[in-house]
Amino acid sequence: MDTDIASAETLVLAPRLKEQRRRTGLTLEAAARRLELSAAHLSRMESGLRQPSLPVLLGLARLYGTTVSDLLGETTAEPFPIVRGDSMAPVPAGGWTYWRAGGTGRAMQALRVHVPPEAQDRLVRVHPGEEWLYVTAGRLRLSLGENTHLLDAGDAAHFDSLVPHRLAAASPEGVDLLFLHTLMQSEAAGLCITPQDTQDPKRADAPK
């Protein structure tokens, strides 16, 4: 992502995070605890010293009863239905690279995703909603509960996001996906969104 664009987004996002937290009546410590982050980590995001990954942004939006688009200060006008390829800017987050392939402010989010080898390969996620993915290149290792599946280009998966799941590249060049997920509103206590940079090994290894 262009440095100037990232800086501009941070200038909008940081005060929005603090404003939304205060609007919900949560202290810094209470919000961080419900998101399973440290208060210092959340404080750095609210100060613009750290950019949240996409999973953390999703957790913040759910906790504050809003959307990622609202946190980023995007307009709420009726979105144009067409997304041109040259307008899909790559967004790095948590070691993955995302391209938004759908409109904003929708209940369903569409993304192109590149997962490099070993990026977030120990991160297990559990959250309300559904996910659908389609492998366009490379091989994907998809863990659903106690089962692990290898998906090649042309393979797809559709599953309930409350099933503990883990996505990792199983090919040396990484894996490319088309990815759809729903953003169902839920209490933060029902989420298990673990940022990659937390240092608690139990959170990285244990199924949730």
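Which cross-chain or sequence-distant (5 or more) residues have an amide H under 5 Å from the amide H of residue 155, H modelled 1.01 Å from N in plane?
Residues meeting the amide H criterion: 135.
Calculate what fraction, in whole %, of the accessible area of segment 26-141 sits on carbon and sulfur atoms when a 1.4 Å probe is rolled over the protein chains.
Summing carbon and sulfur atoms, their accessible area is 53 percent of the total for segment 26-141.
What is the sum of charges around residue 153, taking Lys and Arg as +1, Asp and Glu as -1, for the other residues whose C-beta is under 9 Å from the C-beta of residue 153?
Neighbourhood net charge equals -2.
Karplus couplings for segment 124-140 from phi (6.51 cos²θ - 1.76 cosθ + 1.60, θ = phi - 60°), rounded to Hz, Gly and Pro as x?
9, 10, 9, 6, x, x, 10, 10, 10, 9, 9, 7, 9, 7, x, 10, 10
Label-point separation (nm) for residue 156 and residue 23, each offset 7 Å from Cα along Cα-to-Cβ?
The two pseudo-label positions are separated by 3.6 nm.
Sort 96, 132 by heavy-atom solvent-accessible area, probe 1.4 angstrom, most to least.
Largest accessible area first, the residues go 132, 96.
Let me make sure I get this right: for segment 26-177, a, b and c are the square roots of the gyration tensor eigenvalues over alpha carbons, sorted descending. Under 1.5 in a/c it's rounded, otherwise prolate if a/b > b/c, else oblate. Which is it?
Oblate is the answer for segment 26-177, as a/c is 1.5 or above yet b/c matches or exceeds a/b.
Relative contact order of segment 57-175: what whole-number percent is it, with Cα pairs under 8 angstrom and at least 6 residues apart?
Relative contact order for segment 57-175 comes out at 22 percent.
Which net charge results when you count Lys and Arg as +1 and Asp and Glu as -1 among the other residues whose beta-carbon is under 11 Å from that of residue 45?
After counting each charged neighbour, the total is +4.
Counting only other residues whose beta carbon sits under 10 Å from that of residue 141, what net charge do I get with K and R as +1, D and E as -1?
Here the charged neighbours net out to +1.
Heavy-atom accessible area of residue 163 with all protein chains present, probe 1.4 Å, nearest 10 Å²?
60
Residue by residue, what Karplus-based ³J(HN,Hα) values in Hz, rounded to whole numbers, does segment 149-163 have, using 6.51, -1.76 and 1.60 with θ = phi - 60° and x for Gly and Pro?
The phi angles translate into 10, 9, 10, 9, 3, x, 8, 9, 9, 9, 8, 6, 6, 6, 6 Hz.
The values are calculated or read from the model by the stated rules, or taken from the named source; none is laboratory data. In this text, all values refer to a predicted model and were calculated from it rather than measured experimentally. Don't worry about glycine lacking a Cβ; one is built from the backbone with ideal geometry, like all the others, and counts go over all protein chains shown. Calculation scope for accessible area: heavy atoms of the full protein, side chains included, ligands and nucleic acids excluded. Shrake-Rupley method; radii C 1.70, N 1.55, O 1.52, S 1.80 Å.
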